[in-house]
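Colleague: Following this message is one structure expressed as structure tokens.
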Amino acid sequence: MIEVVETPTAHAQANGLRGRARVAYERFLDELAHSGCAALGYRVTGPEPLPRLCVKHLRGADRVVVAFPSPEVVWVLLVGPHDDDPGLDLYEALYEMAGVRPRLSEKRTKPRCCTDESGIPPLVDAHLVDDLVIRARALARARRR
């Protein structure tokens with residue numbers, strides 16, 4: 001069983017989900033705890049650390065972004081819609097949180113989350129996860145103002 005931890009930002013975002021979107025998220029958390037990176041869709045394209053972060057399509061435009069500091073622990077970083085409005089878009093929040101963004105000319109390849117058939121996730125340094133959590137909090141505070 002994999003330990004699933006939500007950032008305070010992801011927790012607040014998930015609490016905003018209602019109805020079928022909330023059910024899809026709860027199912028995802030269960031699948032993530034049991035299957036690890038196999039429960040996810042793809043890795044994010046772009047400069048480091050983006051390729052070490054994985055995404056799952058939940059329902060409709062809703063997405064979840066996660067990071068694995070170890071094969072036994074996964075952090076849910078962000079939960080939200082992929083939206084044309086930059087103020088609502090999960091990927092814009094992710095790029096701001098990570099401090100990087102893909103180049104417009106960069107082809108998005110969406111490689112599988114698991115790095116191989118053995119189910120090993122792309123690992124991120126635990127200090128990077130801590131930094132992303134801090135940035136997510138700051139981003140949430142800034143967006144509330």
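Only the coordinates and a few stated rules stand behind these numbers; no lab work does. Note that the coordinates shown come from a computational prediction; the quantities given were computed from them, not determined experimentally. With ideal geometry, Cβ positions are generated from the backbone for all residues, glycine too; neighbour counts draw on all protein chains shown.
Colleague: How large is ³J(HN,Hα) for each residue in segment 27-42, as worked out from phi by the Karplus curve 6.51 cos²θ - 1.76 cosθ + 1.60 (θ = phi - 60°), to whole Hz, x for Gly and Pro?
Modeller: Calculated HN-Hα couplings, in order: 4, 4, 4, 5, 5, 4, 5, 8, 10, x, 5, 5, 7, 9, x, 8 Hz.
Colleague: Please give the net charge around Arg59, taking every other residue with its beta carbon less than 13 angstrom from that of Arg59, where Lys and Arg add +1 and Asp and Glu add -1. Provide the component values of the computation, followed by the final result.
Modeller: Values: positive: Arg18, Arg20, Arg22, Arg27, Lys56, Arg63; negative: Glu26, Asp62.
Summing Lys and Arg as +1 and Asp and Glu as -1 gives +4.
Colleague: While we're looking at this one, here's another question. Excluding Pro121 itself, calculate the net charge of residues whose Cβ lies under 11 Å from the Cβ of Pro121, where each Lys or Arg counts +1 and each Asp or Glu counts -1.
Modeller: Numbers: positive: Arg43, Arg52, Arg112; negative: Glu72, Asp116.
Local net charge: +1.
Colleague: Taking neighbour counts of Cβ atoms within 10 Å as a proxy for exposure, in what order, fewest first, do His57, His127, His34 appear? If you can, show how the numbers build up before the last one.
Modeller: On the way: His57 15, His127 9, His34 12.
Least to most surrounded, the residues fall as His127, His34, His57.
Colleague: Rounded, prolate or oblate: which fits the chain, taking a ≥ b ≥ c as square roots of the Cα gyration tensor eigenvalues, rounded meaning a/c under 1.5, else prolate when a/b beats b/c?
Modeller: Details: a/c = 1.32, a/b = 1.10, b/c = 1.20.
Cα axes put the chain in the rounded bin.
Colleague: Could you calculate the contour length gain from Glu72 to Arg22, that is, 0.36 nm times the residue separation minus the distance between their Cα atoms, to one decimal place in nm?
Modeller: Details: separation 50, 0.36 × 50 = 18.00 nm, distance 2.45 nm.
Taking Glu72 through Arg22 to full extension adds about 15.5 nm, to one decimal.
Colleague: Residues with beta-carbon under 14 Å from that of Ala24, excluding Ala24: net charge, scoring Lys, Arg +1 and Asp, Glu -1? Walk me through the intermediate numbers first.
Modeller: On the way: positive: Arg18, Arg20, Arg22, Arg27, Lys56, Arg59, Arg63; negative: Glu26, Asp30, Glu31, Asp62.
Local net charge: +3.
Colleague: Between Arg112 and Glu3, what length comes free when the chain is fully extended (0.36 nm per residue of separation minus the Cα-Cα distance, one decimal in nm)? The partial results should precede the final answer.
Modeller: Values: separation 109, 0.36 × 109 = 39.24 nm, distance 2.09 nm.
So the extension gain works out to 37.2 nm.
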